[in-house]
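For reference, the structure is listed below as structure tokens.
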Amino acid sequence: MTYYDDESLKSFVSRLASSNFFSSIREFEKLTNFSRYGAVMGDTTALDQLADMAGVNRRLVQDRAAGYSRLGDGTQLSGNTFGRARYCPCCISDDLHNGKGRLESRPYVRTLWELSFIRSCAAHGVLLRSLTNHGQDPWDYSNRLQRERSEPQFSEAAVAVEHSAFELYAAERLWGRSEPGRWLDELPFYVAGQLCEWVGAIILFGREFKSNDLDELEWHRAAATGYEIVIEGRDAFVDFLKSLHGIFFEGKHHCGTRKVYGRLYERLAREQEDSSFDVVREIVADTAVNHLPFGHSYELFGLQVRRKLHSLYTLSRSTSMHETTLRKLLQGAGWLAQDVTQLSAHRIIFDADEATRFVKEIQEHLKPAEARSYLDVTRTLWDTLLQENLIAKRALIDDGARKLTPLYLRADLDQLLERLHAGARAPNDDCTARVTIPVAIKKANCSFCEILRLLLDGKLRNATVDPGAAGIGAILIDVAEVRELTRLGDHGGLGVAEASEKLELRPKVLEQLTKAGFLNAEVAVNPVNRCPQTIYRQGELDRFSDEFVSLFGYAARLGVHFKKAKKDLESAGVPVAISTDAVSATFYRWKDIRAAGPRFAKLGVAFAFQ
């Protein structure tokens, strides 16, 4: 008898009994002394007997039995993998028309039809039907199919449905074909399949879906939908779990993991005790702990939870501080974003360890005036320390005023002093040549911030610490060293006085030329006094002197009086380029003077070139 490549071992045994006119599989077992359970469990004697009775190769039967009892990837099959038998009415009809031998023994059940995750026929694109058990032996497929064909529903049109990617994956796993390194393939087969079904059912039918209310078509859709998520890997499954957290953050009252994860939690915590699901439980637990707050001594899947997040509510309970006090305290310290301040205490969450540490440290604090005195700085210098983020700001409710007052931890101030003093390493044997930081700021014409950076970077080799003083006031600075280190780079231009001398013009005339647009000036920071300064680039001055010459400058080149020079220029017809109407001087263009050269010669008048 033919043993089809895709035929179930149970189906093969049932067809062998039917083809030999046994009334049932039990009669076949009894009269042939054959053990079907032994065959399915891989007993060599039973398998050899089956092969001999069917007239097929023993090795073929043994290989099929091994593949049936154990997946190709080594995962042991179980009741979680194989469910009630299904069948495709189109395939059964094809078997009846195309098969050989006795009519009752022609139809056969495919191995995939026994797999609980396969609900459609890949060949015909229809939904599989459950094989009804009319009080018959569950293994007696041939008799069951014969009875099924006599039922009116067998002739009904099959429900068209697309064979899903999940079912293709399940078939590949059944035959031992998988992709290395794929997270879903690392899970036991039945764990991977059920996880896809649960995830899809939650997405399509809600986290409180009822398994018994879903028909085969709905489970088919659920498995396909869940597979699209889970096949992307562990991170995709974690993202799905996090998407369920919305019910917690959008609500106003406390809700536990059962409420958040719904039926998924029920299955893992109570209904499915198989240890193979522990890897899924660990992921669910880690995701919950990393993104949801938990109370003290909370258990998840029977294990004690070490919380990583605090809510405002749980922090209040663990520190015995009122929620309102904590809310204002954390908000003033910048822990709470503006968009969460109106949420309930259960929905405002933060790192548990950091929050606990913050509450403990907050008891040792200094108010602004106390902190300034501790550091020995003025209010102006104190503001600079804050602007440079050199001191961490906290917050505390002011007694009686019901408002937040900034406060600062003594440990933060000590850490800042330690860093600054570390930058003042020179011997303190001669402090007379050094001054305090406020005095150095005025004498070196620099900022407090610059001196702080020089100290923190260790660039003040002559800075020292006065052992008889405290705070920042104990640091003594060499003014000459600071002046040299804080001097700005040369801007590369000429000031008004220098530019005027360069062009042999009065500063007033230079400014008028600039205002009239004949000269381009820039504003730069003076490297010495750091004030804005009008400067002229050398190139710009060269451009102007190449194009223009003043009447006085022209006369000086000829060595004549400016009136004589003016008269000669007018006689030669040289036009005035810049008149005294625009500036307090008269200018001519060199090109106009050169052009009038022949006229100067005709008049017998001396003239100068550029």
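The values are calculated or read from the model by the stated rules, or taken from the named source; none is laboratory data. As the structure is a computational prediction, the values presented were derived from the model and not from experiment. Using ideal geometry, Cβ is built from the backbone for each residue, glycine included, and neighbour counts are taken over all protein chains shown. Ligands, DNA and RNA are excluded from the accessible area calculation, which covers all protein heavy atoms including side chains. Shrake-Rupley method; radii C 1.70, N 1.55, O 1.52, S 1.80 Å.
Things worth noting here:
- Carbon and sulfur %, accessible surface of the range 132-224 computed with the full protein complex present, 1.4 Å: 49 percent
- Solvent exposure of the range 179-233, expressed per residue, is 42 Å² of accessible area, with all protein chains present and a 1.4 angstrom probe.
- Dimensions (Å) - the range 430-490, Cα atoms, principal axes, largest first: 40, 21, 18
- Extent along principal axes [Cα atoms of the range 136-185; Å; largest to smallest]: 48, 28, 12
- Entry note, the range 496-607: relative contact order of 22 percent, from Cα contacts under 8 Å with a spacing of 6+ residues.
- Annotation: lysines with alpha-carbon distance below 24 angstrom to Lys566 (same-chain offsets under eight excluded): Lys502, Lys508, Lys591, Lys602.
- Protein accessible area in the range 469-577, 1.4 Å probe - carbon and sulfur %: 52 percent
- Reachable lysines, given that their alpha-carbon falls under 29 Å from the alpha-carbon of Lys328 and they are not under 8 places away in the same chain: Lys242, Lys252, Lys308, Lys360, Lys367, Lys393, Lys403
- Shown in residue order for the range 572-577 are the 3J(HN,Hα) couplings computed by the Karplus curve 6.51 cos²θ - 1.76 cosθ + 1.60 at θ = phi - 60°: 7, x, 7, x, 6, 7 Hz (x for Gly and Pro).
- Centre separation in Å (Cα based) which lies between the range 1-61 and the range 478-517: 108 Å
- Near the amide H of Leu366, within less than 5 Å, lie the amide hydrogens of Tyr408, Leu409, Arg410, all on another chain or at least 5 residues away, with H placed in the peptide plane.
- J(HN,Hα) series, the range 176-192, from Karplus relation 6.51 cos²θ - 1.76 cosθ + 1.60, nearest Hz, glycine and proline x: x, 9, 8, 8, x, x, 7, 4, 4, 6, 6, 7, x, 3, 5, 5, 4
- Cα-centre dipole for the range 550-603 with unit charges at Cβ (Lys and Arg positive, Asp and Glu negative), debye to 20: 220 debye
- Within the same chain, lysines fewer than 8 places from Lys443 are excluded, and of the rest, those with a Cα less than 23 Å from its Cα are Lys459.
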